[in-house]
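Values quoted throughout were computed directly from the atomic coordinates according to the rules given, and no laboratory measurement underlies them. Predicted, not measured: the structure shown is a model, and the values here were computed from it. Note: ideal-geometry Cβ built from the backbone for every residue, glycine included; neighbour counts use all protein chains shown.
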Amino acid sequence: MQDETDYKKSIKSALVAKMRQNPSYSMAAMAKNLGMAKSTLSEVLSGRINLSAASALRVASKLGLAGPEAEAFCLMVQIEGAKN
């Protein structure tokens, strides 16, 4: 699931996978599961805003990432934030 360069792709992949499992699953449902507003998730996925370090940890956990995968996810968030 983990893309090596873009944490947003990891979130999008998780959303697509959930929607395949449950056609009624939506971005709003994912946002709620991740503990954020739908508008925030939309802005993150479109690249208008980046996750904070604290949000990255929470999102990684909610996506089921642990250990090196979670660390890589959080590092990608930090790198993306540094670019901006």
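If you line up the long axis of helix 67-83 against the longest principal axis of the chain, both from Cα atoms, how many degrees apart are they, to the nearest 10? That works out to roughly 70 degrees. The angle between the Cα long axis of helix 7-21 and the main principal axis of the chain comes to about 20°, on a 0 to 90 degree scale. Sparsely packed loop sites in the chain (the GluC sites (Glu not before Pro) outside DSSP H, G, I, E and B with at most 14 other Cβ atoms within 10 Å) comprise Glu4.
Taking 0.36 nm per residue of separation and subtracting the Cα-Cα distance, full extension of the segment from Ala82 to Lys38 would add 13.4 nm. The magnitude of the dipole of the chain, with charges of +1 and -1 set on the Cβ of Lys/Arg and Asp/Glu and taken from the Cα centre, is near 400 debye. Relative to the longest principal axis of the Cα atoms of the chain, helix 53-62 runs at roughly 40 degrees. Residues whose amide H falls under 5 Å from that of Ile49, counting only those 5 or more places apart or on a different chain, are Val44, with hydrogens built in the peptide plane. Restricting the trypsin sites (Lys or Arg not before Pro) of region 27-63 to loop positions (DSSP other than H, G, I, E, B) with no more than 16 neighbouring Cβ atoms within 10 Å leaves Arg48.
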